[in-house]
Amino acid sequence: MTNKLNIIRAPVALGQGLEGVDEGPGLLIQNGLIGTAESLGWTLGRNAEIDIRNLTWNSPAADVPAHQHGTRIKFPKELGDACQDIARLAEVSSKEGAFTLTLGGDHSIAIGSIGGALLSRPDLGVIWVDAHGDFNTPETSPSGNIHGMPLAFLSGLMTPYQLPSFSWLKNHLRPEQLVLIGIRSIDSEERKLMKEWGANVFSMTEIDRYGIGEVMEQAKKILLQNGPRPLHLSYDIDAVDPHFAPSTGTKVRGGLSYREAHYVAESVAETCQLVSMDLVEINPRLGYVDPALRQDSNITIEVGIELIASALGKRIY
Ligand SMILES: [Mn+2]
């Protein structure tokens, strides 16, 4: 592993229903992300933005029926193509041995960042930090929004749907390659899918019971049980309690405290196996709508940069 950091800016918003989440990558960078990384000893390699010209809310291909069951999935063509662009960049970056940081955008972009990393390293381990399960399929999803489905894609549960725009997704995660942390909102049909598949879930209940320190030890034990492997941290800002990270589209109370949120990133970084990270679902626009909430956007962006810094090796002492 070198000290080279490649950034993929993925201002993708079509995986959910609120405009503004596409402003995340630009604002993270404007507010000092690169300087923060450099101060931690990283050298910026590529800083690429995926081409989102085809991603418009008025797309004629929007909201097409997914398949014969009559269930719906929104923007599969646009998001499949965008994720393929992300995957190409992530695969190349992984083969270079650089650290890949993908900035969302909504959580659909992780299909690209993780799918791409899996093309290079099929044994990748994934730490998925989130308020939600993100395991819905078109049949179980109440909304049809792909940002609630990325783990269904990555675990292979979407394979039967044969969406052509996602046919580039070749390698899937096995249950021992994935842990979920901070979960507190799961749809009932989604819960069944997760249990059947055998997902390793450390919900807020386990964090309350054992503490974040013990939870992270157990999580790392699952991922590293057969020895070292590259790790990917997929961080949805909505895992953090809305008190500390309010500008996000699907807030759920009772989340990670400020320190728990950082500890997750620190604990993964400590393994020296972390090779890539996503930071997703910051929606600064939610704070800009009402000037009184402007500070919400600022503190959410600030927390985002701080969490990345922890994952890139920042330590208190
Ligand atoms: Mn998510």
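The table for this structure:
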| quantity | calculated |
| --- | --- |
| Matching residues in the stretch 245-257 - criterion: being of a type outside the set (S, T, N, Q) and either within 15 Å of the ligand (Cβ to nearest atom) or surrounded by 18 or more Cβ atoms within 10 Å (Cβ to Cβ) (or both) | 245, 246, 249, 251, 252, 255, 256 |
| The stretch 221-244: number of residues that are within 16 Å of the ligand (Cβ to nearest atom) and without any contact (Cβ under 8 Å) to a residue 24 or more places away in the chain | 2 |
| Selection status of residue 163, under 23 Å from residue 7 (Cα atoms), away from the ligand (no atom under 16 Å from the Cβ) and aliphatic (A, V, I, L, M) | no |
| Residue match in the stretch 212-224 (condition: of a type in the set (Val, Ile, Thr), open to solvent by 10 Å² or more (accessible area, probe 1.4 Å) and in a helix (DSSP H, G or I)) | yes |
| Those residues of the stretch 130-166 which are surrounded by fewer than 17 Cβ atoms within 10 Å (Cβ to Cβ) and free of Cβ contacts under 8 Å to residues at least 24 places away in the same chain, in sequence order | 156, 159, 160 |
| Residue 281 vs. criteria within 16 Å of the ligand (Cβ to nearest atom) and either of a type in the set (D, E, K, R) or open to solvent by 10 Å² or more (accessible area, probe 1.4 Å) (or both) | yes |
| Pair list, Cβ < 8 Å and 6+ apart or interchain, from the stretch 266-294 residues that are within 21 Å of residue 105 (Cβ to Cβ) and at pLDDT below 85 to residues that are more than 16 Å from the ligand (Cβ to nearest atom) and among the basic types (Lys, Arg) | 287/294; 288/294 |
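The values are calculated or read from the model by the stated rules, or taken from the named source; none is laboratory data. What you see is a predicted model, and the numbers here were worked out from it, not measured in a lab. Cβ: placed from backbone, ideal geometry, glycine included. Neighbour counts: every protein chain shown. Just the protein is used for accessible areas: all its heavy atoms, side chains included, with ligands, DNA and RNA removed. Shrake-Rupley method; radii C 1.70, N 1.55, O 1.52, S 1.80 Å.
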